[in-house]
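Engineer: Take a look at the following structure, please.
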Amino acid sequence: MSRPPPPPPTTNKDQQHQNPSLQEINIKLIQSGEKERLKELLRERLLECGWIDEMKALCRAFTRKKGRNNVTVDDLVHVISPKGRASVPNSVKAELLQRIRAFLASTAD
Amino acid sequence: MCLRSSSYTSPKPCKHLADCKLRHAFDGYDSLQNCLKTTPIGRTRVDNHNTKIPRCNFCNGYLGRLYICLMCSSISCSTHILLHTQSKSGHDVAIDIERSELYCCLCCDQVYDPDFDKVVVSEQIKGSCPGRSNKRRRLDSGMELDLKKSKRLIAMRDGRAKSCYPLGLRGLNNLGNTCFMNSVLQALLHAPPLRNYFLSDHHNRDECKRRYGEKLCLLCEIGALVSAMFSGDRSPYSPAQFLYSWWQHSSNLASYEEQDAHEFFISVLDGIHEKESKVRNSSKDDGDCQCIAHRAFSGSLRSDVTCTICGFTSTTYDPCVDVSLNLDTVNLSAAEKTGLSTLSGCLNLFTRAERLGSDSKLHCQNCQELRDTSKQLSISRLPLVLCLHIKRFEHSLIRKTSRKIDQYLQFPFALDMTPYLSSSIVRSRFGNRIFAFECENSDSSAEYEIFAVIAHSGMLESGHYVTYLHVNHQWYKCDDAWICEVDEGIVRASQCYMLFYVQKLLYYKANKDLSCNASVESR
């Protein structure tokens, strides 16, 4: 997954406030408890659209192929993570992004 | 369509976990108790009460899965957890911070320990105290079926059998849009508990007339019907007397219009119950009622309403004689089969936790405020005969229209109801745990076999009902007056409206008894 290069650091304090780093955003989300609520919302949406059932089916198929006693949690995570990330519906992504933006706007200094 | 295994066997701890427990007994778990925090929806995480967010000791990362070592409480991410084990001997087991699940760093896999789960689950329960009904309702499993008597009755009439079909199969004449009645009667009369009850003459018609006079009695009518069906006479029977009696009981439905088979089913059970409660002069609630209708069909549904803010759950139990299911058209899994609706999908939908809208907030006892809630249904007690009703007729009050949903529904012949039991549903709230639920219903089986299917074809106003019966390992189609053998494929492909399952043990016993005494010339 390639992201565009980060913007060059500025000495202008205002600009730094305008573009909080990903880390800062994440910490803000976790400390306020918003991240937990967002995760709950995400779980609900993914359940509704059948994504969770799809992942379960992938896990079952993989386990059947390799044999029940030859599969670890780590294996399953490695196998389904890329497929899982790729198959999240755009509507879900959009909704969560919107929520995060709204949260940041409401807590802006 | 993968059903969860009904045998809940505890996985053995891995070598490393076992060693760890031997060396440190429960040291690791005791300190854990103060560090657990349960969210309202039931996920338990490890919370160190630090203001700082947990980060990996090696890379300072805070994303992905983080583990806290059972021995030294140091935190590592999934990439670096192995480094921690390698650097400190004996530090093999850790806890997934977000999920409160044990992880063995050497096996690279989740491991299970009942003692650990006990600590986690008791912490989760502390937060929410469900209002439990302490009445352990036990099904009267010692039902007096009196099969010996019924065997005799069948054997007596054997000589008159004209065809090779098993006894009890007889067509019912359509008396004017009465296929809704014929289809339900065929299913009811072949439900093992009901069939045996009437064949054993448990409701003696002469005695009933003697005590209550010529007043209408649905039980007498059904008894007469059963006798006629099992008489050995194969010519189609006209249930006119029964129809007349039923009209008197449910006068609001008395007409020559096509009725809803499910509605008819409910009214017949109601009629049986009414008479029974008059006889016994009792007003017992449905759960403990001993009338044949309730003994056969009565089960109990559990409803849990949870406050999404504090997690407080209030539980209520309601008796039911059937389960009405919505079709799972919304939540179809693309990976398994495109566009296929399944019975397990419908049952999953039925038992799914559902967020009630913000416009229907309820008062939470704990918060003392109106709150958003989540509701979840499950089956706390299974009936002997399980009737599943598929809601195909949609009535919209807003648009004042009704329509029929033709969506094909795939259903199994053997059904395991374990995943939909309260014990399973409640257990799943605690996550992936080995935990014995207190009111585990180990005395009654959750395995069912299908014996009847009522299928509907056509449109809402001008449709037709037929019943498929499974008798002696053969499927028969009962289309009003016409009975014929059909292939099981036909049954599977039919548009099911009501499904009738009976507890497996009863099914095999019932079939054994019938086949022993069925006429000699049967295939």
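The values are calculated or read from the model by the stated rules, or taken from the named source; none is laboratory data. Not measured: the values here are computed from a predicted model. FYI the Cβ positions are ideal-geometry reconstructions off the backbone, even for glycines, and counts take in every protein chain you see. These accessible areas exclude ligands, DNA and RNA; they are computed on the full protein's heavy atoms, side chains included. Shrake-Rupley method; radii C 1.70, N 1.55, O 1.52, S 1.80 Å.
Engineer: Look at A:K56 and say whether it is exposed (fewer than 12 other Cβ atoms within 10 Å of the Cβ), within 30 Å of B:C104 (Cβ to Cβ) and more than 13 Å from the chain's Cα centre (by Cα).
Structural biologist: So A:K56 fails the test.
Engineer: When you check B:D304 against the structure, is it away from chain A (no Cβ under 14 Å), touching a Ser or Thr at 6+ places or on another chain (Cβ under 6 Å), more than 19 Å from B:L499 (Cα to Cα) and of a type in the set (D, E, K, R), yes or no?
Structural biologist: The answer is yes for B:D304.
Engineer: Out of B:F411, B:F437, B:F451, report the one residue that is among the aromatic types (F, W, Y) and at pLDDT below 90.
Structural biologist: Of the residues listed, the single one that is among the aromatic types (F, W, Y) and at pLDDT below 90 is B:F437.
Engineer: Okay, moving on. Given (1) at pLDDT below 90; (2) touching a strand residue (DSSP E or B) at 6+ places or on another chain (Cβ under 7 Å); (3) open to solvent by less than 30 Å² (accessible area, probe 1.4 Å), where does B:G90 come up short, assuming only one miss?
Structural biologist: Checking B:G90 against (1) at pLDDT below 90; (2) touching a strand residue (DSSP E or B) at 6+ places or on another chain (Cβ under 7 Å); (3) open to solvent by less than 30 Å² (accessible area, probe 1.4 Å), the one that fails is (2).
Engineer: Here is a list: B:I309, B:I266. Which entry is free of Cβ contacts under 8 Å to residues at least 60 places away in the same chain, of a type in the set (V, I, T), open to solvent by 30 Å² or more (accessible area, probe 1.4 Å) and touching an Asp or Glu at 6+ places or on another chain (Cβ under 8 Å)?
Structural biologist: The conditions single out B:I266.
Engineer: Is it true that some residue in segment B:345-352 is touching a Lys or Arg at 6+ places or on another chain (Cβ under 8 Å) and surrounded by 15 or more Cβ atoms within 10 Å (Cβ to Cβ)? Step through it out loud before you land on a result.
Structural biologist: So the first thing to find is which residues in segment B:345-352 are touching a Lys or Arg at 6+ places or on another chain (Cβ under 8 Å), and the list is none.
Checking segment B:345-352: not a single residue is touching a Lys or Arg at 6+ places or on another chain (Cβ under 8 Å) and surrounded by 15 or more Cβ atoms within 10 Å (Cβ to Cβ).
Engineer: Next up: Kindly check whether there is at least one residue in segment B:209-219 that is at pLDDT below 90, assigned to a loop (DSSP other than H, G, I, E, B) and basic (K, R). Explain how you work it out, then say what you get.
Structural biologist: First, pick out the residues of segment B:209-219 that are at pLDDT below 90: B:209-219.
Checking the rest, the ones that are also assigned to a loop (DSSP other than H, G, I, E, B) come to B:213-217.
Filter again for basic (K, R), leaving B:215.
Within segment B:209-219, one or more residues are at pLDDT below 90, assigned to a loop (DSSP other than H, G, I, E, B) and basic (K, R).
Engineer: Ok, one more. Are any residues in segment B:326-351 within 12 Å of A:G50 (Cβ to Cβ) and at pLDDT 85 or above, and if so, which ones?
Structural biologist: Once the filter is applied, which keeps residues that are within 12 Å of A:G50 (Cβ to Cβ) and at pLDDT 85 or above, segment B:326-351 yields B:G345, B:N348, B:L349.
Engineer: Return a yes/no flag: does segment B:68-81 have any residue that is small (G, A, S), touching a Lys or Arg at 6+ places or on another chain (Cβ under 7 Å) and within 11 Å of chain A (Cβ to nearest Cβ).
Structural biologist: The first filter runs over segment B:68-81 and keeps only residues small (G, A, S), leaving B:73-74, B:76, B:78.
Now narrow it down to the ones that are touching a Lys or Arg at 6+ places or on another chain (Cβ under 7 Å): B:78.
Checking which are within 11 Å of chain A (Cβ to nearest Cβ) leaves us with B:78.
Scanning segment B:68-81, I find at least one residue that is small (G, A, S), touching a Lys or Arg at 6+ places or on another chain (Cβ under 7 Å) and within 11 Å of chain A (Cβ to nearest Cβ), so the answer is yes.
Engineer: How about segment B:104-117: which of its residues are more than 32 Å from the chain's Cα centre (by Cα) and open to solvent by 10 Å² or more (accessible area, probe 1.4 Å)?
Structural biologist: Those that are more than 32 Å from the chain's Cα centre (by Cα) and open to solvent by 10 Å² or more (accessible area, probe 1.4 Å): B:L106, B:C107, B:C108, B:D109.
Engineer: Given the structure, is B:C164 in a loop (DSSP other than H, G, I, E, B), farther than 30 Å from B:I425 by Cα, open to solvent by 40 Å² or more (accessible area, probe 1.4 Å) and modelled with pLDDT under 90?
Structural biologist: Taking the combined requirement at face value, the residue satisfies it.
Engineer: Determine whether B:T44 is within 37 Å of the chain's Cα centre (by Cα), within 11 Å of chain A (Cβ to nearest Cβ) and open to solvent by less than 70 Å² (accessible area, probe 1.4 Å).
Structural biologist: It is false that B:T44 is within 37 Å of the chain's Cα centre (by Cα), within 11 Å of chain A (Cβ to nearest Cβ) and open to solvent by less than 70 Å² (accessible area, probe 1.4 Å).
Engineer: Take the residues of segment B:120-155 that are among the β-branched types (V, I, T) and crowded, with 18+ Cβ neighbours inside 10 Å: which is modelled with the lowest pLDDT?
Structural biologist: Taking the candidates together, the pick is B:I154.
Engineer: Same structure again: Given (1) within 12 Å of chain B (Cβ to nearest Cβ); (2) open to solvent by less than 60 Å² (accessible area, probe 1.4 Å), where does A:V88 come up short, assuming only one miss?
Structural biologist: (1)
Engineer: Out of the residues in segment B:480-494 that are open to solvent by less than 40 Å² (accessible area, probe 1.4 Å) and under 17 Å from B:G458 (Cα atoms), state the one that is modelled with the lowest pLDDT.
Structural biologist: Of everything passing the filter in segment B:480-494, B:D480 is modelled with the lowest pLDDT.
Engineer: Here is a list of conditions, (1) on the phi > 0 side of the Ramachandran plot; (2) open to solvent by 60 Å² or more (accessible area, probe 1.4 Å), and A:G50 meets all of them except one; can you say which number that is?
Structural biologist: So the condition that A:G50 fails would be (2).
Engineer: If you don't mind, there's one more thing I want to ask. Only one of (1) in contact (Cβ under 8 Å) with a residue 12 or more places away in the chain; (2) farther than 24 Å from B:C164 by Cα fails for B:K400. Which number is that?
Structural biologist: Against the list (1) in contact (Cβ under 8 Å) with a residue 12 or more places away in the chain; (2) farther than 24 Å from B:C164 by Cα, B:K400 comes up short only on (1).
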